[in-house]
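Below you'll find the structure, written out as structure tokens, and then a few comments.
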Amino acid sequence: MEEPKEVSPEAVETVSPVDRPGGFQSSSSSSTRRLPLPDLLQSVKLKYVKLGYHYLITNLLTLVMVPLFLAILVEAGRTSPEDLREIWSSLRYNLVGVIVCSGFLVFASTVYLLTRSRSCYLLDYACYRPPDHLRAPASRFLEHSRLCGNFNDSALDFQRKILERSGLGDDTYFPEAMHNVPPSPSMSAAKEEAEQVMFGALDALFKSTGTRPKDVGILVVNCSLFNPTPSLSAMIVNRYKLRGNIQTYNLGGMGCSAGVIAIDLAKDLLQVHRSTLAVIVSTENITQNWYFGNRKSMLIPNCLFRVGGSAILLSNRSTDKIRAKYRLLHTVRTHKGGDDGAFQCVYQEQDEEGKVGVSLSKDLMAIAGNALKTNITTLGPLVLPISEQLLFFLTLITRNIFHNSKIKKKPYIPDFKLAFEHFCIHAGGRAVIDELEKNLQLLPSDVEASRMTLHRFGNTSSSSIWYELAYTEAKGRIRNGHRIWQIAFGSGFKCNSAVWQALRTVQPTHGNNPWLDCVDAYPIPAV
């Protein structure tokens, strides 16, 4: 197996260019290069022209149907009682036709009701918050790394630079075993970490929703690097004495995007099993996956990953819509594992000394950009308004018909802010958030939840998108009808998206939301 290229510490802040959505290239990634200010006058003009065009196209069907409906009303108003009696008489003497039409309507309605897609409702979710004594400030992290005696001076200096540029604050958490000097990773310590995270989140979820564990019919657990026997899902079944016919699934080795994969799996299962509750537990285990070597490409996960986990309760029961927070609209999954470079860019292996760790390639951001482009190409037609889709389609045709270099350099970029009110971008690192902000042309406020989650809790892997949603709820920003885009990247290489719609103005749930006692201190500037 070809050894992945190592990542320099500068890659955390400044990364190689990534293809922008729609096939365009990003500008130089150098943090020292300044872009010229736009022509504000023309920008304002284009803004209002585009906004008017968007409203026109989006409401085109309504504008067409209103005159038609008015014409029908006018015609109905001209109908005399004699005309109505003639219609009734014709139906009375054509009994066979009436019976056939009625039978067809009943048959069609029955087929529709039996085959229609069942809605998937999110009743509530809980994010685990570790106790304060597990906090891991950067100074303590570096001191413990030095005292454990496994790292040479170059590796220690590399980790210091990574921490300085990572976007993590001093309030993130490490598991108990990693606070010991030297660290004491073991199977029992890893199980203890898993139990604390999973059971902590589930206890809060069951309490807030009033759900009995025996009412759960589907359980999906995802944890990439820790898969004991019995499985993590079996540990939950044993702890809460779940019923014997429960459908359980354990997802391993699928990286930070496994949380969306678990949602997609639960959604499909809820289409089959009627009147069922599904619980998804998303976490990652640090205790047994700490790297004690000196290969730089394998030291980055030590600096970024922290303790965290979430538990989500889904339902397909129509009666649960009243108390649900969100409805799942779409899930889109993209897998680039067929490409060798993408397959190896996040790779668990042994270094030259036989020490196990996860290696990150320096091409990671470019590969993530390519996966993102494929994912949003599929997602776009599902969520973007017709106006944006037409503009993108016309631009694409123009670029192919007219071989004009200027047109090729400036394709139309769909405005995803017209499709979503909130963005939950996986808090994998500051470079990941920076690149998505730039490539999707988002505002700083759009990625605020991701940056603050990275600062407060670090990279909690597949559960990070739920800490971000909890941040947005704690800020009181989610209103009825708002759409949320959760997007995550993971080994393999995968890019997965989930789209939710708020069913009401959402308030944070006490006991489930880890931000309630500290959200007023955020956002922190210059993070």
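A few points about this structure:
- Check on C127, modelled with pLDDT of 95 or more, open to solvent by less than 60 Å² (accessible area, probe 1.4 Å) and not aromatic (F, W, Y): yes
- Taken as a whole, the condition of being surrounded by fewer than 23 Cβ atoms within 10 Å (Cβ to Cβ) and either closer than 27 Å to D339 by Cα or aliphatic (A, V, I, L, M) (or both) applies to K438.
- Among the residues making up the range 484-527, those that are closer than 23 Å to P444 by Cβ and surrounded by fewer than 21 Cβ atoms within 10 Å (Cβ to Cβ) are V506, P508, C518, V519, D520, A521, Y522, P523, I524, P525, A526, V527.
- Scanning the range 146-166 for residues that are of a type in the set (A, V, I, L, M) and more than 29 Å from the chain's Cα centre (by Cα), we see that the one that is farthest from L304 (Cα to Cα) is L147.
- Listed by first and then second residue, the pairs with beta-carbon distance under 6 Å, at least 6 apart or on different chains, first residue in the range 168-191 and within 19 Å of R146 (Cα to Cα), second of a type in the set (S, T, N, Q) and open to solvent by less than 30 Å² (accessible area, probe 1.4 Å), are P175/T287; A177/T287; P185/T287.
- Check on R243, open to solvent by 40 Å² or more (accessible area, probe 1.4 Å) and part of a loop (DSSP other than H, G, I, E, B): yes
- Looking across G337, G309, G380, one residue alone is among the small types (G, A, S) and in contact with a Pro (Cβ under 7 Å, 6 or more places away or on another chain). It is G380.
- Residue pairs meeting the criteria (Cβ under 7 Å; at least 6 apart or on separate chains; first in a helix (DSSP H, G or I) and charged (D, E, K, R), in the range 376-399; second open to solvent by less than 50 Å² (accessible area, probe 1.4 Å) and at pLDDT 80 or above): E388/D415; E388/L418
- Exactly one residue out of R456, R451 is buried (at least 23 other Cβ atoms within 10 Å of the Cβ), basic (K, R), touching a helix residue (DSSP H, G or I) at 6+ places or on another chain (Cβ under 7 Å) and at pLDDT 95 or above, and it is R451.
- Taken together, the residues in the range 269-290 that are of a type in the set (A, V, I, L, M) and open to solvent by 10 Å² or more (accessible area, probe 1.4 Å) amount to 3.
- The number of residues in the range 383-396 that are out of contact with any strand residue (DSSP E or B) (no Cβ under 9 Å at 6 or more places or on another chain) and open to solvent by less than 50 Å² (accessible area, probe 1.4 Å) comes to 6.
- Scanning the range 230-240 for residues that are over 18 Å from L314 (Cα atoms) and open to solvent by less than 10 Å² (accessible area, probe 1.4 Å) returns a single hit, L232.
- Any hit, the range 198-214, residues being surrounded by 17 or more Cβ atoms within 10 Å (Cβ to Cβ), over 27 Å from T472 (Cβ atoms) and not aromatic (F, W, Y): yes
- Among residues of the range 159-169, those that are open to solvent by less than 40 Å² (accessible area, probe 1.4 Å) and in a helix (DSSP H, G or I), counted: 3
- Cross-chain or 6+ apart pairs with Cβ under 7 Å, the range 233-247 first and of a type in the set (D, E, K, R), then open to solvent by 40 Å² or more (accessible area, probe 1.4 Å): R243/K214
- Residues of the range 57-78 satisfying the condition of being more than 30 Å from L391 (Cα to Cα) and either part of a helix (DSSP H, G or I) or at pLDDT below 75 (or both): L70, A71, I72, L73, V74, E75, A76, G77
- Of the strands (runs of 3 or more DSSP E) contained entirely in the range 315-367, those carrying at least 3 residues that are open to solvent by 40 Å² or more (accessible area, probe 1.4 Å) fall at 326-335, 346-350.
- Scope the range 170-195; condition assigned to a loop (DSSP other than H, G, I, E, B) and surrounded by fewer than 17 Cβ atoms within 10 Å (Cβ to Cβ); matching residues: D170, D171, N180, V181, P182, S184, S186
- Meets criteria (part of a loop (DSSP other than H, G, I, E, B), under 27 Å from I312 (Cβ atoms) and in contact (Cβ under 8 Å) with a residue 40 or more places away in the chain) for G200: no
- Of all residues in the range 368-382 being open to solvent by less than 20 Å² (accessible area, probe 1.4 Å) and among the hydrophobic types (A, V, I, L, M, F, W, C), the one that is farthest from N152 (Cα to Cα): L379
- Residues being closer than 19 Å to H510 by Cβ and in contact with a strand residue (DSSP E or B) (Cβ under 7 Å, 6 or more places away or on another chain) - total across the range 451-467: 2
The values are calculated or read from the model by the stated rules, or taken from the named source; none is laboratory data. Please read these numbers as outputs of a predicted model, since none were measured by experiment. When we count neighbours, we look across all protein chains shown, and the Cβ atoms used for this are built from the backbone with ideal geometry, even at glycine. Note: areas computed on protein heavy atoms with side chains; ligands, DNA, RNA excluded. Shrake-Rupley method; radii C 1.70, N 1.55, O 1.52, S 1.80 Å.
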